[in-house]
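Chemist: Submitted below is the structure of interest, expressed as structure tokens.
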Amino acid sequence: MKIYVFSEVFRGEIGDITFEMLGIAKELKEKTNGEVVSILIGKGVKNLKDKFGSADKILILDDERLEGLSPFLYQNILLNILKERNPDLILFPHTAIGMDIGGFVALKLGYPFVAFCKSLNLKNGNLVVTSLICGGKILVDVNLKENKGVCLIAPGSYSAEKGKEEGAKNVEEIPLQEIQEKIKFEEYIEPKIEDIDISKKDILISVGRGIQSKDNIPLAEEIANLLNGAVSGSRPVIDQGWLPITRQVGRSGKIVKPKLYLAFGISGAPEHIEGMRDSELIVAINMDPNAPIFNIAHYGVVGDVLEIMPLLAEEIKKRKK
């Protein structure tokens, strides 16, 4: 099986989703005696080739004209590459970039297209893709006809570490063909909000409507400071303006995988669970014993978060002394 992975590189940085996809591709390759090919497109991407040791081959298209991201240009570049090489499986990240390109490629190649992919497995020689539908409430298995298709992999579905391997192997550089640009990249405008990246934090103190008021956010901030973590929240908290949108955990926010996820007053809607279910250790506190968050929590406490949070802060202070 020939597996091609579109490597997402944005402003010189490789997204973790790229290594998640390479990890998935590597496992499938071992089961099918196949080949993993990584596609690197952009300006200055040649300098990143040593990060893709888990791929058997790297196709690099590095050109000054590829600064920024023009979906139309990338669509046509990829189409030309893939039509010529005829891979079996093509993996894109389920991100803004992947969604712009993946559907177009699938349509033009005549491949089945599956979005929100959680996992890919071989069952009796058939490639089965597990996809999230209805906001993550339902998992469905999709059998890919002739084991061919284009899949958008949901971030956080797999361990990025399994796809990380230093050292480039077989590198092929591809020249940029002359393609008419209908859309031209002008500039990237940085968000004005200066804030931390919760997806890179090992410890998250996440709050939901159960904390009742913005005035209670400092309780979470105190615990976060004691544990050298950060405060995040569910969508209702963000919608009410208690925390900036950069702190939102969930499908419409950030996908996080911290070592410790403390959920205070979060009921556990599917949209939120989709964004944090792969955390290494989940501890949930909620008044409702039937809250869905308890279905995925490793430890759960039924109680009033406004009573428990100050006690927890005091206990941490004692332990630190």
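Chemist: Student exercise: in the stretch 1-60, how many lysine pairs 8 or more apart or on different chains have Cα atoms under 24 Å apart?
Modeler: 20
Chemist: Now for a different question. Which far-off residues, 5 or more places away or on another chain, put their amide H under 5 Å from the one on residue 174, with H placed in the peptide plane?
Modeler: Residues meeting the amide H criterion: 60, 61, 62.
Chemist: Short version: ³J(HN,Hα) in whole Hz for each residue of the stretch 25-35, in order, from phi by Karplus 6.51 cos²θ - 1.76 cosθ + 1.60 (θ = phi - 60°), x for Gly and Pro, what are they?
Modeler: Using θ = phi - 60°, the values come out as 4, 5, 5, 5, 4, 5, 7, 10, 6, x, 9 Hz.
Chemist: Please identify, among 119, 213, 159, the residue showing maximal mean-square fluctuation in a Gaussian network model of the chain using a 10 angstrom Cα cutoff.
Modeler: Between 119, 213, 159, it is 213 that shows the largest mean-square fluctuation.
Chemist: What's the magnitude of the charge dipole for the chain around its Cα centre, counting Lys and Arg as +1 and Asp and Glu as -1 at the beta-carbon? Answer in Debye, nearest 20.
Modeler: Rounded to the nearest 20 debye, it is 620 debye.
Chemist: Follow-up question, since we're still on this one. What is the sum of charges around residue 114, taking Lys and Arg as +1, Asp and Glu as -1, for the other residues whose C-beta is under 12 Å from the C-beta of residue 114?
Modeler: +2
Chemist: Considering only the other residues whose Cβ falls under 11 Å of the Cβ of residue 172, what net charge follows from Lys and Arg at +1 and Asp and Glu at -1?
Modeler: Every neighbour counted, the sum reads +3.
Chemist: Using a 1.4 Å probe, how large is the accessible area of residue 35, given in Å² and rounded to the nearest 10?
Modeler: My reading of the accessible area for residue 35 is about 60 Å².
Chemist: In addition: Taking just the alpha-carbon atoms of the stretch 194-321, what radius of gyration and Dmax come out, in angstrom?
Modeler: 13.1, 40
Chemist: Provide the per-residue ³J(HN,Hα) series for the stretch 261-269, in order, calculated from phi with Karplus coefficients 6.51, -1.76, 1.60 and θ = phi - 60°, each as a whole number of Hz, with x at glycine and proline positions.
Modeler: 10, 9, 9, 9, x, 9, 6, x, 5
Chemist: Which value, in debye to the nearest 20, gives the size of the charge dipole of the stretch 1-153 about its Cα centre, when Lys and Arg are +1 and Asp and Glu are -1 at the Cβ?
Modeler: So the dipole magnitude of the stretch 1-153 works out to roughly 320 debye.
Chemist: With the chain treated as a Gaussian network of Cα nodes joined by springs under 10 Å, which of 123, 164, 148 yields the largest mean-square fluctuation?
Modeler: The residue that fluctuates most here is 123.
Chemist: Set Lys and Arg Cβ to +1 and Asp and Glu Cβ to -1, take the dipole of the chain about its Cα centre, and tell me which of 234, 116, 219 lies farthest positive.
Modeler: Working it through, the farthest residue towards the positive pole turns out to be 116.
Chemist: Pop out the ³J(HN,Hα) list for the stretch 80-89 in order, Karplus 6.51 cos²θ - 1.76 cosθ + 1.60 with θ = phi - 60°, rounded to Hz; leave Gly and Pro as x.
Modeler: 5, 5, 6, 4, 6, 9, 6, x, 7, 10
Chemist: Further question: Going 7 Å from the Cα of residue 184 along its beta-carbon direction, which residues of the stretch 56-87 have the amide nitrogen within less than 11 Å of the resulting point?
Modeler: Flagged as within label range: none.
Chemist: Let me ask something additional. Normalise the Cα radius of gyration of the chain by 2.2 N^0.38 Å (N = residues in it) and let me know the number.
Modeler: Rg over 2.2 N^0.38 Å, computed on Cα atoms: 1.10.
Chemist: Hey, can you grab everything whose amide H is under 5 Å from the amide H of residue 2? Only 5+ residues off in sequence or another chain; H modelled, so Pro and N-termini drop out.
Modeler: For residue 2, the qualifying residues are 35, 88, 89.
Chemist: Once the piece of chain linking residue 138 and residue 80 is laid out straight, how much longer is it, given 0.36 nm per residue of separation minus the C-alpha distance between them?
Modeler: Stretched fully, the residue 138-residue 80 segment lengthens by 17.3 nm.
Chemist: Before rounding to the nearest 500, sum -39500 (n - 2.57) across all DSSP H runs of length at least 4 in the chain and divide by the residue total; then give [θ] at 222 nm in deg cm²/dmol.
Modeler: My calculation for the chain gives -8000 deg cm²/dmol from helical runs alone.
Chemist: At each listed q (0.15 Å⁻¹), what is the log10 of I(q)/I(0) that the Debye formula gives for the stretch 90-178 modelled as equal alpha-carbon point scatterers?
Modeler: One equal scatterer on each Cα of the stretch 90-178 leads to -0.70.
The values are calculated or read from the model by the stated rules, or taken from the named source; none is laboratory data. Predicted model only: the values in this text are computed from it and were never measured. Glycine also receives a Cβ, built like all others from the backbone with ideal geometry; neighbour counts cover every protein chain displayed. Note: accessible area is taken over every heavy atom of the protein model, side chains too, but ligands, DNA and RNA are not part of it. Shrake-Rupley method; radii C 1.70, N 1.55, O 1.52, S 1.80 Å.
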